[in-house]
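The values are calculated or read from the model by the stated rules, or taken from the named source; none is laboratory data. Quick caveat: nothing in here was measured; it's all calculated off a predicted structure. Heads up, the Cβs are rebuilt from the backbone with ideal geometry, glycines too, and the neighbour counts pull from every protein chain shown.
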Amino acid sequence: MKPLTFLAGACCLLLLTSCNPFKTLPRGEAGVTEFHTRFNNEAYDEIYDQSHPDFQASETREDVVEFISNTRRQLGRLNSASRTSFSSNFENGASRIELTFDTTYDNGSGTETFLFQIERGVPLLLNWNIDADFGNGTAASTDNSSAEPDQNPAPQAEGSDSAVLEAVRAATNLFHNRFNAREFDAIYDTADPRFREAQSRQEVVSFIQDMRRQLGSNTNSALDQWVSEGEDGSPLVTLDYNMRYENGTGVEKFIFDFNDGYPLLLSWNIDGNLSGPAPQGGNPPSLPPVADDNGSEDGIGNSVK
């Protein structure tokens, strides 16, 4: 496989030091999610504009856009990403995190490495490296002159459904990042107001904390199906995920409602199976259901079996 890389300056392999990874990790993963959303939407200028100044100083906009657009043309859309490792450090007053992901695309698979610098809580891209293979075994290349003609280009995003799906998938990724980092209050604070009216902060935090304690961290998620209902710009979206955790597997259902174009969590339901005996303490609490505008109800949780 031929690696493709853009490197801003001389970046060393990062070692885990005394910085707090539970704060840095979700921010780094949010940066990866945002990168992939822009990659799928072919928003290459946005990737460049939102990168670190050191990245922009070392690479021209033209080079970056050409590199990423060529990769997008050859590999197609990103379908899934699973983190395999991360490391972080704090040096010269700056917090940095490097993350590695196994990724699959319409036309192949790859391994991607991201390096971000966290500034004021925002992840700024310093480096992106992708080592990719097509499904037929040929490596991706940034050389347009030698690239084979694309006989079956990846389908382009059409209509509002694609934008809605990208937004809610980014929201579920952020939820899982916070779940792993035990940022339960942040999940509650950014949920739909109806969600927060239906159950107290203490109930929600206690419930999710118990799920996290029993199942461990989320290690992989795969979207099974999704349904969007309602008017354009303000849809009600339901997603079902097949999940894998450190201590078992499960099925999660999310419901998001859109407010000013942003998906807000209206409901979360999890049906999990532990790989071993259930921890002492019985089943976790079942929180009150949230009624939508049509009067139907959907609870936040279910019991772990």
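Quick notes on this one:
- Selection count, the range 68-96, where residues are in contact with a Leu (Cβ under 7 Å, 6 or more places away or on another chain) and either assigned to a helix (DSSP H, G or I) or closer than 12 Å to Asn127 by Cα (or both): 2
- Any hit, the range 43-62, residues being surrounded by 19 or more Cβ atoms within 10 Å (Cβ to Cβ), among the charged types (D, E, K, R) and either in contact (Cβ under 8 Å) with a residue 12 or more places away in the chain or assigned to a strand (DSSP E or B) (or both): no
- Counting only residues that are of a type in the set (S, T, N, Q) and either touching a Gly at 6+ places or on another chain (Cβ under 7 Å) or under 19 Å from Ile255 (Cα atoms) (or both), the range 189-216 holds 3 of them.
- Flag for Pro123 being within 20 Å of Gly28 (Cα to Cα) and buried (at least 18 other Cβ atoms within 10 Å of the Cβ): yes
- Selected residue [modelled with pLDDT under 90, crowded, with 20+ Cβ neighbours inside 10 Å and in contact with a helix residue (DSSP H, G or I) (Cβ under 9 Å, 6 or more places away or on another chain)] from Ala181, Ala154, Ala186: Ala181
- Considering the range 226-254, the residues that are at pLDDT 85 or above and more than 16 Å from Asp271 (Cα to Cα) include one that is surrounded by the fewest Cβ atoms within 10 Å (Cβ to Cβ), namely Val227.
- Residue in the range 211-224 that is farther than 16 Å from Asn180 by Cα and in contact with a helix residue (DSSP H, G or I) (Cβ under 6 Å, 6 or more places away or on another chain) present: no
- Only a single item in (1) in contact with a Pro (Cβ under 7 Å, 6 or more places away or on another chain); (2) surrounded by 18 or more Cβ atoms within 10 Å (Cβ to Cβ) is not met by Ser221, and it is number (1).
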